[in-house]
Amino acid sequence: MTTPFTVSLVCWHDGEPLLRAIREAVFIREQNVPEELEWDGKDEDCRHALALSLNGDAIGCGRMQANGHIGRMAVLPQWRKQKVGTAIIEALLDEARSRGYKQVDVDSQTFAIPFYQKFGFVEHGKEFMDAGMPHKKMKLKLLPR
């Protein structure tokens, strides 16, 4: 069965309007993250995963920094529970492996910890607050391809 969406790796320059729209909808409007926290100036140096519906609508995204930190994972509400987030994280993990990274990490919102655990991420350290929401650091050791 084919999925009703695609995931591509893009640079910020090529994907900015679509990536920005998803993050504004999920983080700024839905989760009330202040704009100055969301737009941290790191996007230009990241590899971005962009999920598009078969109609070409932007439905989800995530990014990976050069140090292997994965973040800004977001899926529009109507597309949740349809494996969009899974496809995004798998694309980013494949990219990390192709770059020879030995480990990646995320700062997971606590409600999303089970999602990352499915991929083998392990919790580290104490819970902390970021943008007014509880988070936990998680790490994943990568095996070579």
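Points to keep in mind about this one:
- Residues that are in contact with a Cys (Cβ under 8 Å, 6 or more places away or on another chain) and of a type in the set (Phe, Trp, Tyr), drawn from the range 1-42: Trp12
- Residue within the range 32-43 that is over 22 Å from Phe111 (Cα atoms) and in contact (Cβ under 8 Å) with a residue 24 or more places away in the chain present: yes
- Of all residues in the range 12-22 being touching a helix residue (DSSP H, G or I) at 6+ places or on another chain (Cβ under 8 Å) and surrounded by fewer than 19 Cβ atoms within 10 Å (Cβ to Cβ), the one that is nearest to Pro77 (Cα to Cα): Glu16
- Number of positions in the range 51-98 that are assigned to a loop (DSSP other than H, G, I, E, B) and open to solvent by less than 20 Å² (accessible area, probe 1.4 Å): 1
- Test result for Lys102, in contact (Cβ under 8 Å) with a residue 60 or more places away in the chain and basic (Lys, Arg): no
- Summed over the range 33-50, the residues that are surrounded by 18 or more Cβ atoms within 10 Å (Cβ to Cβ) and either among the small types (Gly, Ala, Ser) or part of a helix (DSSP H, G or I) (or both) give a count of 2.
- Only one of the numbered conditions (1) open to solvent by 50 Å² or more (accessible area, probe 1.4 Å); (2) free of Cβ contacts under 8 Å to residues at least 40 places away in the same chain is not met by Gly132, and that is (2).
- Test for Phe119: is it within 14 Å of the chain's Cα centre (by Cα), within 26 Å of Phe5 (Cα to Cα) and open to solvent by 40 Å² or more (accessible area, probe 1.4 Å): yes
- Test set (1) open to solvent by less than 70 Å² (accessible area, probe 1.4 Å); (2) under 21 Å from Met129 (Cα atoms) - Glu30 fails condition number: (1)
- Residues of the range 135-145 that are open to solvent by 50 Å² or more (accessible area, probe 1.4 Å) and of a type outside the set (Lys, Arg): Leu143, Pro144.
- Within the range 103-116, being within 17 Å of Arg47 (Cβ to Cβ) and exposed (fewer than 13 other Cβ atoms within 10 Å of the Cβ) holds for one residue alone: Gln103.
The values are calculated or read from the model by the stated rules, or taken from the named source; none is laboratory data. Source: prediction; values computed, not measured. Here the Cβ is made from the backbone with ideal geometry for all residues, glycine too, and neighbour counts use every protein chain on show. For the accessible areas, the whole protein counts, side chains as well, though only heavy atoms, and no ligand, DNA or RNA atoms are used. Shrake-Rupley method; radii C 1.70, N 1.55, O 1.52, S 1.80 Å.
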